[in-house]
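Everything below concerns the one structure shown next.
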Amino acid sequence: DLLMTADYPEKLGPKNSNNGTETTDLFLAKSDKGNQFQLFHFPEPVNSIFSEADGFIADDESFILFVSDRPGHAGEYHKKGWKWNSSFWGNTDVYVSLKEGDFWSVPVNLGKVVNTSGAERSPWLSSDGLTLFVSSNGQERSRSDLNVYAFKRTNKNNWTDWQGPIAISDANSDDDDW
């Protein structure tokens, strides 16, 4: 399976816009035994009319982590694609949506320890589910480039109680780091 960020025609946001309002949605390409792929578009509430990107889905598909510039994020709204904070990342936050039967739950913002008024990107969760890695340009006010940070939790079922940030110095440079 391949989790993708794309602006295919099925996306929920504005389409074919030339004024900087393009959005992206999350899609899952599943392969069958013949190496053919079928594209699945995550429905609402995972995707919205805003941008969703950088998905990380559990091996058992029980949850999906992603970033979005939807309302309810930390800080003021700054759309992905519009220059702000010396970048075009906008103000994206990390969210989680849980699989409940055949449906996805309303996404939960991971909170202000993980999310900032800047951009959070590319969430990745360790195999034990206790360490989250995120690229951010908002954890250090003096920076506008993305750096990698770790966040720890003690309860795999609590998505909003994180400790951190812990800078991953070996992974960070003066440029955007993922």
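The values are calculated or read from the model by the stated rules, or taken from the named source; none is laboratory data. Keep in mind that what you see is a predicted model, and the values were worked out from it rather than measured. So basically every Cβ, Gly included, is an ideal-geometry build from the backbone, and we count neighbours across all protein chains shown. Note: areas computed on protein heavy atoms with side chains; ligands, DNA, RNA excluded. Shrake-Rupley method; radii C 1.70, N 1.55, O 1.52, S 1.80 Å.
Annotations
- Sites listed here are trypsin sites (Lys or Arg not before Pro) in the stretch 79-113 whose DSSP assignment is loop and whose Cβ has at most 11 other Cβ atoms within 10 Å: K83.
- Listed residues T92, T24, T131, most fluctuating in the chain (Gaussian network, C-alpha, under 10 Å): T131
- Considering only S31, S48, S117, the mean-square fluctuation computed in a Gaussian network model of the chain, springs between alpha carbons under 10 angstrom, is largest for S31.
- Solvent-accessible area of I49 with every protein chain in place, 1.4 Å probe, in Å² to the nearest 10: 100 Å²
- Most simply put, the stretch 39-178 has about 100% antiparallel DSSP beta bridges, counting only bridges with both residues inside it.
- Using equal-weight Cα scatterers in the Debye expression, the normalised intensity of the stretch 1-133 in log10 at q = 0.13 Å⁻¹ is -0.54.
- Surface share of carbon and sulfur [accessible, 1.4 angstrom probe, percent] for the chain: 50 percent
- Global geometry of the stretch 57-178, whether rounded, prolate or oblate, following the gyration tensor of its Cα atoms and the 1.5 cut on a/c: oblate
- For the chain, built as a Gaussian network whose Cα springs stay under 10 Å, the top-fluctuating residue of S135, S127, S87: S127
- Relative contact order %, the chain, counting alpha carbon pairs below 8 Å whose residues are six or more apart: 14 percent
- Solvent-accessible area per residue for the chain (1.4 angstrom probe, square angstrom): 53 Å²
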